[in-house]
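Any read-out appearing in this document is the output of simple, stated calculations on the displayed coordinates, not a laboratory observation. These numbers were taken from a predicted model, which means no experiment stands behind them. Note that each Cβ is placed from the backbone with ideal geometry, even for glycine, and that neighbours are counted across all protein chains shown.
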Amino acid sequence: MRLFVSVSLDELVGEVADIQEPFVGVDGLRTTNPEQAHLTLKFLGETEETRLRALTDGVDAAIADTGIEPFEVSFGGLGVFPHLNYIRVIWLGVRNGSETVRRLHTAIEKRVTKFGFEPANSNFTPHVTLARMDHAGNKELVKDEVRQSDPDGGTMTVEAIQLTKSTLTEQGPEYTAIERFNL
């Protein structure tokens with residue numbers, strides 16, 4: 001099964017949908033389902049079910065290592081990966097709380113790589129994926145929106161993180177929380 005560790009943005013579905021509005025229906029873009037909006041802390045990829053126990057123990061221990069308790073995070077601003085000249089992903093950033101999010105990511109990364117999961121191959125940028133670009137037909141429109149817009153994505157209290165299963169379908173990925181870890 002395909003897994004990742006994340007923070008669900010259930011409380012901010014409306015805000016995410018509003019921020020996506022300029023990108024909806026733009027040729028070459030696929031917007032994500034705002035009801036599945038999340039902040040990925042660690043992508044794990046294909047994982048055998050036999051590894052779940054060690055994985056959940058590792059994530060639980062990583063959280064305990066940080067000593068992090070529930071905290072507020074606010075979202076805002078737009079960005080892209082990898083860069084404005086070659087856009088693959090359009091994202092909503094983290095304005096406040098990013099250091100705490102980074103601490104969680106680092107602790108989880110450290111623990112799960114001990115179990116054989118691949119380390120991240122790039123610097124961690126806390127973000128919420130809004131859309132993916134399939135082709136550059138409307139790249140200039142996207143670039144203008146990213147440069148000119150500074151949306152407020154709202155604030156929420158992070159009380160838990162979750163181990164999430166991603167099932168790829170023709171309609172896009174479907175996410176299911178399979179384990180919840182309270183802070």
Query raised in the report: When the Kirkwood hydrodynamic radius is evaluated over all pairs of different C-alpha atoms of the range 2-182, what value in angstrom, to one decimal, is obtained?
Result: 17.0 Å
Query raised in the report: Could you give me the ³J(HN,Hα) list for the range 174-183, computed from phi with Karplus coefficients 6.51, -1.76, 1.60 and θ = phi - 60°, whole Hz, x at Gly and Pro?
Result: 10, 10, 9, 6, 10, 7, 10, 10, 6, 7
Query raised in the report: Residues with beta-carbon under 11 Å from that of PHE71, excluding PHE71: net charge, scoring Lys, Arg +1 and Asp, Glu -1?
Result: -3
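Need one word for the range 139-183: rounded, prolate or oblate. Basis is the Cα gyration tensor (sqrt eigenvalues a ≥ b ≥ c); a/c below 1.5 gives rounded, then a/b vs b/c decides.
Oblate, since a/c reaches 1.5 and b/c is not below a/b.
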Query raised in the report: Summing -39500 (n - 2.57) over the DSSP H runs of n ≥ 4 in the chain and dividing by its residue number, what mean residue ellipticity at 222 nm do you reach, to the nearest 500 deg cm²/dmol?
Result: -8500 deg cm²/dmol
Report task. Note the full-extension length gain between ARG53 and ALA160 as 0.36 nm times their separation in residues minus their Cα-Cα distance, in nm to one decimal. Result -> 36.7 nm
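For the range 42-110, what class follows from the C-alpha gyration tensor (a ≥ b ≥ c being the square roots of its eigenvalues): rounded when a/c is under 1.5, otherwise prolate if a/b is larger than b/c, else oblate?
It comes out oblate by the Cα gyration axes.
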